[in-house]
Amino acid sequence: MSAARIRKPDQFSFFLKNYGIYLGLAALLAISGIISPQSFNPTGLLNVAKQAAGLGIVAIGQTLVILTGGIDLSVGSIVTFIHVYSVGTILGKPELVLPVSLLCLLIGLAFGFLNGLGVTRAQISPFVMTLCMDFIVRGLYFIYTKGQPRGVVPDNLRFIGRGRILSIVPVAVLIWLGVAFLLIFVLYRTTCGSRLYAVAANPRSARLSGVKNDRILIVVYAISGLLSAMAALIITGDMGAVSLGVGGDYSLDSVASTVIGGTSFTGGIGGVEGTIAGAYIIRLLTSLLQKINISNTGKLIIQGVLILAIVGAYSKKKNG
């Protein structure tokens, strides 16, 4: 009986840490239904999910990085680079979509791999390494576009961002959820996932146990770059146009989605399942603020307060 009393608070705490974010999402959805009843329907909710898909995929990569105690500030610039490069290389030719998309995924992977090498081999802090990579990639896309991006998005690329299966479910959402469930499986059901959490929890113990810490970190940063490139292709298809400002908010929004989803900056606590809700909340919040005519400045303030409140709540539970 006493053992049961001890376990119940732990089970409740586990529920709040892992699924409490979905209670918050449900509350926000209820508020959305009150503010805008006409858009509170399956079609409207799926539209928000479509808008969240690109951010959600970037945030999954960011989650893996933050789980290891790092951060990736280069994801926004990688999104922009892949966006302008893909459109500028495809030039409206449908037959080039597949080869150029594969090349773009490799480029994103390469950027992430370089981040991982800098963090592990050169022992540069993740903040500094990824910030410098952000500057480098930003310079590269300005050199490539000369400040004037060009190109046309063909219909088969638009299908990835705007298309719907059976005219109902957005393709982008299916890709997002597919990536999320794959990474959830890897984190909780594979040796690689166990090693990642071991490195995040105690790098020294993990190393003494035979885990190759540097290899895990390099893989994590490489995946972040790869997922940023994948998200950029989806965002490009959704936009149907080219812009140098497309990735501007993705670095901070991906961090916000991750933190709102319950992943701790100290590493080792959290997971992709919370980040799914976190990304949806960010986009739903943006949609709600637009409907009540609150500017982007107000959105940033509210988002900052929301993150502080959630992080404070998680910290209180942890210390309690």
(1) at pLDDT below 95; (2) under 30 Å from LYS291 (Cβ atoms): which one isn't true of ALA59, the others all being true?
(1)
Quickly run through the range 276-297 and pick out the residues that are assigned to a helix (DSSP H, G or I) and under 19 Å from ILE34 (Cβ atoms).
TYR280, ILE281, ARG283, LEU284, LEU285, THR286, SER287, LEU288, LEU289, GLN290, LYS291
Would you pick out the residues in the range 138-153 that are touching a Ser or Thr at 6+ places or on another chain (Cβ under 6 Å) and either free of Cβ contacts under 8 Å to residues at least 60 places away in the same chain or over 27 Å from PRO94 (Cβ atoms) (or both)?
ARG138
Could you say which residue among LEU217, LEU226 is over 14 Å from the mean Cα position of the chain (by Cα), surrounded by 21 or more Cβ atoms within 10 Å (Cβ to Cβ) and of a type outside the set (Val, Ile, Thr)?
LEU217
Select from the range 154-174 the residues that are surrounded by 15 or more Cβ atoms within 10 Å (Cβ to Cβ) and charged (D, E, K, R) and list them in ascending order.
ARG158, ARG162, ARG164
Tell me yes or no: at least one residue of the range 36-44 is part of a loop (DSSP other than H, G, I, E, B) and in contact (Cβ under 8 Å) with a residue 12 or more places away in the chain.
yes
Does the range 34-88 hold any residues that are more than 18 Å from ILE276 (Cα to Cα), among the small types (Gly, Ala, Ser) and out of contact with any Pro (no Cβ under 6 Å at 6 or more places or on another chain), and which are they?
SER36, SER39, GLY69, SER74, GLY76, SER77, SER86, GLY88
Is it true that some residue in the range 230-241 is buried (at least 19 other Cβ atoms within 10 Å of the Cβ), touching a Gly at 6+ places or on another chain (Cβ under 7 Å) and more than 22 Å from LEU73 (Cβ to Cβ)?
yes
Can you list residue pairs whose Cβ atoms sit under 9 Å apart, with the first residue in the range 197-208 being modelled with pLDDT of 80 or more and part of a helix (DSSP H, G or I) and the second being surrounded by 17 or more Cβ atoms within 10 Å (Cβ to Cβ) and of a type in the set (D, E, K, R)? Count only pairs 6 or more apart in sequence or on different chains.
ALA206/ARG195
Can you report the number of residues in the range 117-162 which are among the acidic types (Asp, Glu) and either modelled with pLDDT of 95 or more or in contact with an Asp or Glu (Cβ under 9 Å, 6 or more places away or on another chain) (or both)?
1
Enumerate the pairs (first residue in the range 220-247 and more than 15 Å from ALA172 (Cβ to Cβ); second residue anywhere and acidic (Asp, Glu)) with beta-carbon separation below 6 Å, excluding pairs fewer than 6 apart on the same chain, so at least 6 apart or on different chains.
SER224/ASP72
Filtering the range 135-151 down to residues that are under 26 Å from the mean Cα position of the chain (by Cα) and assigned to a loop (DSSP other than H, G, I, E, B) yields PRO149
Working carefully through the options ILE60, ILE107, find the one that is crowded, with 24+ Cβ neighbours inside 10 Å, out of contact with any Lys or Arg (no Cβ under 7 Å at 6 or more places or on another chain) and assigned to a helix (DSSP H, G or I).
ILE60
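The values are calculated or read from the model by the stated rules, or taken from the named source; none is laboratory data. Computed from a prediction, not measured in an experiment: that's the story for all the values here. Glycine gets a Cβ as well: all are built from the backbone with ideal geometry, and neighbour counts include every protein chain shown.
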